[in-house]
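A short write-up of the structure that comes next.
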Ligand SMILES: [Zn+2]
């Protein structure tokens with residue numbers, strides 16, 4: 001038995017689940033009990049999926065998106081426009097933009113946004129790598145598709161100041177997207193329009 005009077009394995013599972021963002025002890029307990037009551041195949045599939053995520057998924061060393069090989073399929077795709085790079089916060093944003101079918105260039109995933117409150121500075125994001133890419137590849141325009149939040153705007157302006165001196169145009173997706181909205185959850189039509197109506201910044 002663990003400290004809480006629960007079998008040790010369950011306490012351990014609760015502890016690990018509680019470390020996930022936004023879960024907390026109460027939800028972790030509920031999830032652990034749910035896993036306990038589910039068929040054995042479910043817990044095996046869940047465990048295997050977690051293990052595979054860490055052992056089989058890598059970050060593409062060019063665009064820093066999730067990939068199973070590097071360079072990823074999009075970076076390798078010769079049909080896509082090399083002159084355009086769309087910068088996004090997270091891999092899910094890249095997926096959402098890809099689904100809008102409006103964009104046929106390449107991507108760059110920052111893995112976050114500049115946020116002084118959360119202690120995230122430019123050095124914590126894949127910004128250095130983006131600049132190195134722009135110095136190496138022949139790029140005409142960078143489209144900044146960070147979320148329309150305060151942090152997203154700050155990041156877009158920061159990138160613009162850094163990139164424009166390199167002779168590369170910087171544009172920001174138009175805001176058919178509401179302020180405070182989340183790219184990941186925006187419908188495809190709104191997102192397609194936002195990319196089409198982007199503004200130079
Ligand atoms: Zn890639």
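Taking springs between alpha-carbon atoms closer than 10 angstrom, which of 148, 91, 178 fluctuates most in the Gaussian network model of the chain?
Among 148, 91, 178, the largest GNM mean-square fluctuation belongs to 178.
How long are the semi-axes of the equivalent ellipsoid of the chain, taking √(5λ) for every eigenvalue λ of the Cα gyration tensor, in whole Å from largest down? Numbers along the way, then the final one.
On the way: eigenvalues 286, 72, 55 Å².
Semi-axis lengths for the chain are 38, 19, 17 Å.
Using 0.36 nm times the number of residues separating residue 200 and residue 140, minus their current alpha carbon distance, what extension gain do you get? It would help to have the intermediate numbers written out before the result.
Details: separation 60, 0.36 × 60 = 21.60 nm, distance 1.24 nm.
Here the segment from residue 200 to residue 140 would lengthen by 20.4 nm.
Which whole-number percentage describes the relative contact order of the chain, with Cα contacts under 8 Å and a sequence gap of 6 or more?
Working: 284 pairs, mean separation 30.4, N = 201.
Once normalised by length, the contact order is 15 percent.
Could you please rank 108, 34, 175, placing first whichever residue has the fewest other Cβ atoms within 10 Å of its Cβ? Numbers along the way, then the final one.
Numbers: 108 27, 34 10, 175 14.
With the sparsest Cβ surroundings first, the list reads 34, 175, 108.
With springs connecting C-alpha atoms under 10 Å apart, model the chain as a Gaussian network and identify which of 89, 141, 25 has the largest mean-square fluctuation.
25
Please determine, in degrees from 0 to 90 and to the nearest 10, the orientation of helix 91-100 with respect to the longest principal axis defined by the Cα atoms of the chain, where the helix direction is its Cα long axis.
60
Hey, what D do you get for the range 29-94 in µm²/s if you plug the Kirkwood alpha-carbon radius into Stokes-Einstein at 37 °C and 0.692 mPa s? Intermediate values should be presented prior to the final figure.
Working: Rh = 14.6 Å.
For these conditions, the coefficient is 224 µm²/s.
So how tilted is helix 127-136 from the main axis of the chain? Cα-based, degrees 0 to 90, rounded to 10.
40
Determine the percent antiparallel among the DSSP beta bridges restricted to the range 66-200, to the nearest 5.
Values: 3 of 16 bridges.
Restricted to the range 66-200, the bridges split so that about 20 percent are antiparallel.
Rounded if a/c is under 1.5, else prolate if a/b beats b/c, else oblate: with a ≥ b ≥ c from the C-alpha gyration tensor eigenvalues square-rooted, which is the range 8-56?
Numbers: a/c = 2.07, a/b = 1.24, b/c = 1.66.
Because a/c hits 1.5 or more and a/b fails to exceed b/c, the range 8-56 counts as oblate.
Any idea what angle helix 24-37 forms with the longest principal axis of the chain, computed on alpha-carbon atoms, 0 to 90 degrees, nearest 10?
With both axes taken from Cα atoms, the answer is about 60 degrees.
As an exercise, use a Förster radius of 22 Å and the Cβ-Cβ distance of residue 35 and residue 4 to find the FRET efficiency, rounded to the nearest 0.05.
Values: r = 16 Å, r/R0 = 0.75.
Computed FRET efficiency for residue 35 and residue 4 comes out at 0.85.
None of the figures in this text is laboratory data; all of them are computed from the coordinates on show. Nothing here was measured: the structure is a model prediction, and the numbers come from that model. Cβ atoms come from the backbone with ideal geometry, glycine included; neighbour counts cover every protein chain shown.
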